[in-house]
Structures are given as C-alpha cells and as structure tokens.
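Inspection log for the structure reproduced underneath, given as structure tokens.
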Amino acid sequence: MGRPDPEEGQLPAPVKPPDGGWGWIVLLGCFVITGFSYAFPKAVSVYFKELMKDFHVGYSDTAWISSIMLAMLYGTGPVCSIMVNQFGCRPVMLIGGLLASAGMILASFTTNIIELYLTAGVLTGLGMALNFQPSLIMLGTYFDKRRPLANGLAAAGSPVFLSSLSPLGQVLLEKFGWRGGFLIMGGLLLNCCTCGAVMRPLDMGMKRKMGKAQDKYEAKEMLPIGGKSEEGISTTDGTKKGKKAKKKPKKGKKLLDFSIFSNRGFIIYTISKFILVLGLFVPPILLVNYAKDTGVPDTEAAFLLSIIGFIDIFARPACGMVAGLKWVRPHVAYLFSFSMLFNGLTDICSARASNYTGLVIFCVFFGISYGMVGALQFEVLMAIVGSQKFSSAIGLVLLIEAFAVLIGPPSAGRLVDALKNYEVIFYLAGSEVVLSALFLAVASYCCLNRGKKEPPPENNPSAGGGSDTEEAESDVQEAEEHSSNNHQPAHSTDNAMVAANEEANHVAEEQSEEGGGCPAGDGEVLARDGCNADQMVERDSF
C-alpha cells in the first residue's frame, strides 16, 4: 500500500544493533559464559590428585577429563551452529546450562574414571560448548560500533574466572572432598541458564514495532477512503497471505552455511588460526615444569601463571578499546597480526631465560600479547563474515581449531620427553605463532586490499554523499508519486507567473512614457544608461 513490507528480503538486515541498553546485560552474560568455558577445564585440575588416589589411576588418565572438555568445546562447533540456526540462541543456551550442570552433578556419584569421562568430560563439555558459541553470536548482534570493546570485556572473563575458580576449588576440596566439590561446581554452572535467559533476540522487538506501525498505517489509509475500504482490506489480506507464503521457505533454511568458504578472508583467517593454535597454548602449559627444571621453587613457579592471568585481565579490555578506535578498526586484522607476532617473538626471546627474573619478564609480555590475541580473535572473524554468517563461521573455525589443539600441545609434550630440552619447544612454538601472523598480514594485503583499491565508477567521494544516479532516481520517483496530485496546481502557478510578468512589463512601459524610466533593452544597457538596478533585477527575475 505504498509502504514496503518489513519482512521483505533478509529479516535481520534492518535490525540495528543498539550498542548499549540491554546489550550490557548480554555482555555480562557473555563474560560469565566465557569465564566458565575457558577456565573451568583448567580449574578441574585441582581435583586430580584426589581422583588419582580414589580411582588408582595416573596423572595422564585424569588429565583426559580436561582434554575431553576442551575437545567438546572446540569439536562440537558445527553442531552448535546447526542448533542455533534451527532453534535460536536462548533455547540452546538454556539446554547447555542444564547439561553442564547435570554433568558435574552426575560426576559426583561416579565410581570409575570412565564414568568421569562421560559425565564431567563429555556432558559438561557439550553443555559449555552450547553456551559459549551462542553467547558470542548474541554479543555480535547487540554491538556494532562498540563491538571491539565488548569482545575485549567478554574475553576478560577467562582470566578472571581462572584466578577465582582454582582457589575456590581448593577450598571446596579441603572442606567437602572432590565429590562435594563437583556437586557445588555443578550448582555454579546453573548460572549458565541465567545467562542464557537474558539473551533476548534483538529482532523480536523490532518486528513487533514494525508490525504495529504497518497496521496503523494501513488503518489510516483505509478509514477515510470509504468506497475503497474493501479494496484496502483485500490488499491487507493479500499482504498477510504474502507474509505467510514468505515464511514457508524459511523452513528450508541452511543449518550450516558452507558458502562462507567462498570468502577469501575467511579462508585466510582459518588457516592462520590453525597455525596459531598449534603453538599458542604450548608455553603456558610447559611454563611451570620449565621453571622447576631451572631451579625455581614450586610455589614461585606456580605464581608465574598468576602473573600471566593478572596481566591478561587488563590487557583484553584495553586492546578492545584500542581496536574500537576509528582509525584502527578498519585495520583490525593487521592489529591481530601484530598481537600474534608480539606473542611469537616473546616465546622466542624467552627460550633462553635461565633465572626467575627472566621468567617473570616473559610472563608480563606473554600476558599482554596473549590478552591481545584473546580480545581480537573473534572480533576479526565477525568483521570478516558479518553477523549474518557468524553462527556458521565460528562453528567451522572451532572444529578446525580442535584438530590443532589435539596436535600442538601433545606433540610438544612428546618432544620434551624425547629431547629433554624446553628451549627447542619454545623456539618451535614461537615460530609457529610468528608464521601465522605473517601469513595473515601478507595474505590479507595481497588477496583482499588489492581488490578494494578499484572503487566503482559511480561512487564519487568528492560529491559529498550519495551518487548522482541515486539522487536522480529518487527525484524521478518523487515526481512520479506527486505528478497526479500536483497537475492542476502546476498550471495555476504557470498562469500566475505569466500574469505577473505582463503586469511588470506594463509598469515598465508607463515609467518609460513618463520619462523617469529607461527603454526596454537588456540588463547591461540598462545599467550603463543609469536605470534603476532594482527595476532591472525585478524585471529579469520574471
């Protein structure tokens, strides 16, 4: 009825991220989910000694609990993407919170290590995966201009929760034993359901507002018309039927969009991230044992990880603020490359650290660079694929990273056992991180930026906004819309102008007859002969 249907085309496209408001609550929920997802598998290691005593197993057997959690977090990425695309973020997160909590509660009643693998490993890991990925998707939905800062603040949940869950686990272990500790940890994981409940879909409110506005518009059009009310009602019915017809094809929506592999930027990012994960997690895993081998006491060696976590807490939000600057955000991929390069060079330069002071300096710089990588990794992915395809992109990226996680740290451990030398491992891990940084920067510059240097001919930045073609088309549309209504007023305006012109000529002739005026002629002659300039301008204006 002269107003475009709000459901034409892609529905999420018109929804503008609020960059605040309820988005801050969503950010808080994402902060908690990120903290649980990354810190919980590491915090569980506090219970490993008691599990070894009760189940009569070795350290490598209990370490598989954390490994299975991380494998589920990364490897189930495509499954999470399919569920999010099918059911939405909020239902998936609620189910994930229940699964994560149920896994730890059931683990408190297990009688062997295999049952622990299935409950605390598979079930809890799957539950955290169903929370982690949708929370990032919702964060990208609610934030656009402030998205780098939001990603940095959400990523800070990992070091904050790691520094708090590990001491809490130790206290629970001393007072309630590992079974009581698992039971209470399961209760804490129910907070994931609370975080999932606040993940309100952004487009629901927008669709309701658009629907109400359209109904009011249609009512205003139909009421004064009278004889054409039946036509208006039929048009409204037809519009509603058209909406229903448009909603039917959505059932065939792609559950996992593989078309993102046609995006060269996504391919470059995925390859770079795979190489990065091969060496990124190796130094913090081997750091404590490396310090002990150099003669550092156990308590001081464990404190090194606390230094990394403390620096990481502040590095992630700070990097998010820098990435959100107007002159930095268009080049956020290069900032991500710089952070990876910084991290890799830190590993290489610290390979020969032989005293505690050198290791502390390494931890400070590693915490800064590690925080930068953590704050930017998902921001770069959102910038490459956009919010529409981010749900599929992150699932596929996490799946590919799962292979790197299973290859990198275990391979480094085997090399340490074979070579009995940590220096080579730090060199190797740093080289892998540096290689990923150089690949991302060079490939982005060669494959992406060159294609952007050829702007379309109709876009002229010196024109001060839109193109001339678009303005001409809008003028034509406005003329067509108002041509029928303004046809008669246009004729009356022309007649008035003609009458005014004739009256001005008559006045000029009377003045020339009385001798106070000038003969008719063009403007230059009249001005040169001393005619009144106001009369000349008035006449010429007609």
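The values are calculated or read from the model by the stated rules, or taken from the named source; none is laboratory data. Please read all numbers here as calculations on a predicted model, not as lab measurements. Quick reminder, even Gly has a Cβ in these numbers, built from the backbone with ideal geometry, and neighbours come from all protein chains shown. Just the protein is used for accessible areas: all its heavy atoms, side chains included, with ligands, DNA and RNA removed. Shrake-Rupley method; radii C 1.70, N 1.55, O 1.52, S 1.80 Å.
Some points to look at:
- Some residue of segment 292-300 being within 30 Å of residue 378 (Cβ to Cβ), modelled with pLDDT of 50 or more, in the same structural domain as residue 390 (by the TED database) and surrounded by 13 or more Cβ atoms within 10 Å (Cβ to Cβ): no
- Being within 14 Å of residue 131 (Cβ to Cβ) and not basic (Lys, Arg) holds for only one residue in 103, 58, 23, and it is 103.
- Being under 26 Å from residue 163 (Cα atoms), surrounded by fewer than 21 Cβ atoms within 10 Å (Cβ to Cβ), out of contact with any Leu (no Cβ under 7 Å at 6 or more places or on another chain) and modelled with pLDDT under 90 holds for only one residue in 398, 406, and it is 406.
- Per this entry, residue 94 is counted among residues that are assigned to a helix (DSSP H, G or I), out of contact with any Lys or Arg (no Cβ under 6 Å at 6 or more places or on another chain) and closer than 21 Å to residue 142 by Cα.
- All of 124, 111, 76 fail the test of being under 23 Å from the mean Cα position of the chain (by Cα), assigned by the TED database to the domain that holds residue 182 and hydroxyl-bearing (Ser, Thr, Tyr), apart from 76.
- Options 311, 384, 285: the member that is out of contact with any Gly (no Cβ under 7 Å at 6 or more places or on another chain) and at negative phi: 285
- Residue match in segment 398-420 (condition: in contact (Cβ under 8 Å) with a residue 40 or more places away in the chain, farther than 17 Å from residue 271 by Cα, out of contact with any Gly (no Cβ under 8 Å at 6 or more places or on another chain) and among the basic types (Lys, Arg)): no
- Looking across segment 141-150, the residues that are in a helix (DSSP H, G or I) and open to solvent by less than 10 Å² (accessible area, probe 1.4 Å) come down to 142, 148, 150.
- Condition check for residue 183 on (1) surrounded by fewer than 20 Cβ atoms within 10 Å (Cβ to Cβ); (2) part of a helix (DSSP H, G or I); (3) under 15 Å from the mean Cα position of the chain (by Cα); (4) not hydroxyl-bearing (Ser, Thr, Tyr): one failure, at (3).
- Filtering segment 314-328 to residues that are surrounded by 14 or more Cβ atoms within 10 Å (Cβ to Cβ) and of a type in the set (D, E, K, R) leaves only 316.
- Counting the residues of segment 36-67 that are open to solvent by 30 Å² or more (accessible area, probe 1.4 Å), within 27 Å of the chain's Cα centre (by Cα) and at pLDDT 85 or above gives 1.
- When the residues of segment 356-377 are filtered to those that are hydroxyl-bearing (Ser, Thr, Tyr) and under 31 Å from the mean Cα position of the chain (by Cα), the one that is least open to solvent (accessible area, probe 1.4 Å) is 369.
- Residue that is modelled with the highest pLDDT [pool: residues in segment 186-218 that are open to solvent by 40 Å² or more (accessible area, probe 1.4 Å) and over 34 Å from the mean Cα position of the chain (by Cα)]: 216
- Residue among 176, 161 that alone is among the aromatic types (Phe, Trp, Tyr), part of a helix (DSSP H, G or I) and within 25 Å of the chain's Cα centre (by Cα): 161
- Tally of residues being open to solvent by 20 Å² or more (accessible area, probe 1.4 Å) and in a helix (DSSP H, G or I) across segment 338-355: 6
- For segment 142-179, a residue qualifies if it is closer than 11 Å to residue 30 by Cβ and either without any contact (Cβ under 8 Å) to a residue 60 or more places away in the chain or not polar (S, T, N, Q) (or both), and the qualifying residues are 142, 143, 150, 153, 154, 155, 156, 157.
- Options 99, 73, 153, 165; residue that is surrounded by 19 or more Cβ atoms within 10 Å (Cβ to Cβ), farther than 19 Å from residue 17 by Cβ and at pLDDT 90 or above: 99
- Check on residue 311, open to solvent by 50 Å² or more (accessible area, probe 1.4 Å), assigned to a helix (DSSP H, G or I), at pLDDT 90 or above and of a type in the set (A, V, I, L, M): no
- Those residues of segment 107-138 which are without any contact (Cβ under 8 Å) to a residue 40 or more places away in the chain and either of a type in the set (A, V, I, L, M, F, W, C) or not in a helix (DSSP H, G or I) (or both), in sequence order: 110, 111, 114, 118, 123
- Filter result for residue 358 (part of a helix (DSSP H, G or I), more than 23 Å from residue 149 (Cβ to Cβ) and without any contact (Cβ under 8 Å) to a residue 24 or more places away in the chain): yes
- Flag if residue 142 is under 27 Å from residue 385 (Cα atoms) and of a type in the set (Ser, Thr, Tyr): yes
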